[in-house]
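Asks: Can you read through this structure? Questions will come right after.
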Amino acid sequence: MDVSSVILLGVTVFAFAYAAYKRVDIVSAFCEGARENLKVAIDLLPTLCLLMLAVSMLRASGVLDWLTGILTPLAVKLGFPAECLPLAILRPISGSGAIALLEDALRQCGPDSFPGRVASTLCASSETTFYTVAVYFAAVKSKKPKAALISALAGDLAAFIFSAVTVRIMLG
């Protein structure tokens with residue numbers, strides 16, 4: 001057994017032992033938590049469907065290619081690989097779409113190339129911002145995500161810029 005399996009087993013045994021010590025009906029507590037989370041999941045479905053539709057429309061309509069074409073000269077001047085622009089645009093919107101674009105960049109340029117390394121770093125250091133904000137704010141039923149969205153997008157922009165800077169400094 002590896003270390004992570006032992007730790008997981010230890011935490012599980014501790015939780016059951018602590019629940020028995022406190023005389024908590026762990027089955028009822030688990031079922032109640034599962035019931036509450038299913039309600040939250042059902043409330044989130046419309047938001048997730050909207051996000052999936054938006055990503056599909058963005059890719060199928062050609063808007064992603066159009067934005068990439070417009071931003072390529074600026075990216076090249078800043079030292080950001082043009083091959084990673086579609087990934088940088090789609091990453092805040094869709095994790096699965098970003099993974100598909102990462103795979104394309106790695107296949108096109110190679111994993112050890114500058115664009116391949118930047119794409120990998122970019123995926124690892126950024127978040128699917130719109131998805132995360134939509135899920136969290138829908139879960140708490142808040143209608144004011146503006147400040148959180150602006151802050152998260154600023155973090156994504158920093159991740160995009162510094163992914164190229166970091167790869168250039170550390171890997172040449």
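Asks: Rounded to the nearest 0.05, what FRET efficiency is calculated for Ile169 and Val27 with R0 set to 45 Å and r the Cβ-Cβ distance?
Replies: After rounding to 0.05, the efficiency reads 0.25.
Asks: Express the relative contact order of the chain as a whole percentage, based on alpha carbon pairs under 8 Å and six or more residues apart in sequence.
Replies: Relative contact order comes out at 20 percent.
Asks: To continue, here is another question. Only counting other Cβ atoms within 10 Å, I'd like Thr47, Thr12 sorted with the fewest neighbours first.
Replies: Thr12, Thr47
Asks: While we're here: Between Asp43 and Ile161, what length comes free when the chain is fully extended (0.36 nm per residue of separation minus the Cα-Cα distance, one decimal in nm)?
Replies: Stretched out fully, the Asp43 to Ile161 stretch lengthens by 38.9 nm.
Asks: Let me ask something else. Take the Cβ-Cβ distance between Glu103 and Ala148 as r, set R0 to 35 Å, and report the resulting FRET efficiency rounded to the nearest 0.05.
Replies: Efficiency at R0 = 35 Å is approximately 0.75.
Asks: So what are the radius of gyration and Dmax for the Cα set of the range 17-143, in Å?
Replies: For the range 17-143, the Cα-based Rg and Dmax read 20.4, 65 Å.
Asks: Here's something else I'd like to know. Restricting to DSSP H runs of at least four residues, report the calculated mean residue ellipticity at 222 nm for the chain, -39500 (n - 2.57) per run over all residues, nearest 500 deg cm²/dmol.
Replies: -27500 deg cm²/dmol
Asks: Something else now. So for Cys31, Cys84, Cys123, fewest C-beta neighbours within 10 Å to most, what's the order?
Replies: Cys31, Cys123, Cys84
Asks: Span-like helices, the chain: DSSP H, alpha-carbon axial extent 27 Å or more, mean Kyte-Doolittle 0.0 or greater, which ones?
Replies: 26-61, 146-171
Asks: Moving on to the next point. Along the Cα→Cβ direction, 7 angstrom out, place labels at Ile7 and Arg35. What is the inter-label distance in nm?
Replies: Taking the simple label geometry, Ile7 and Arg35 are separated by 3.4 nm.
Asks: Let me ask something additional. Does anything in the range 133-163 have its amide N under 16 Å from the 7 Å Cα→Cβ label point of Met52, and if so which residues?
Replies: Residues 135 qualify, since their backbone N sits under 16 Å from the label point.
Asks: Let me ask something additional. Dividing the Cα radius of gyration by the Kirkwood radius, what Rg/Rh value follows for the range 75-121?
Replies: Taking Rg over the Kirkwood Rh, I get 0.95.
Computed from the coordinates by the stated procedures, all read-outs in this text should not be read as laboratory data. From a predicted model like this one, the values you see are computed outputs, not experimental measurements. Positions of Cβ are generated from backbone atoms using ideal geometry, with glycine treated the same way; all protein chains shown enter the neighbour counts.
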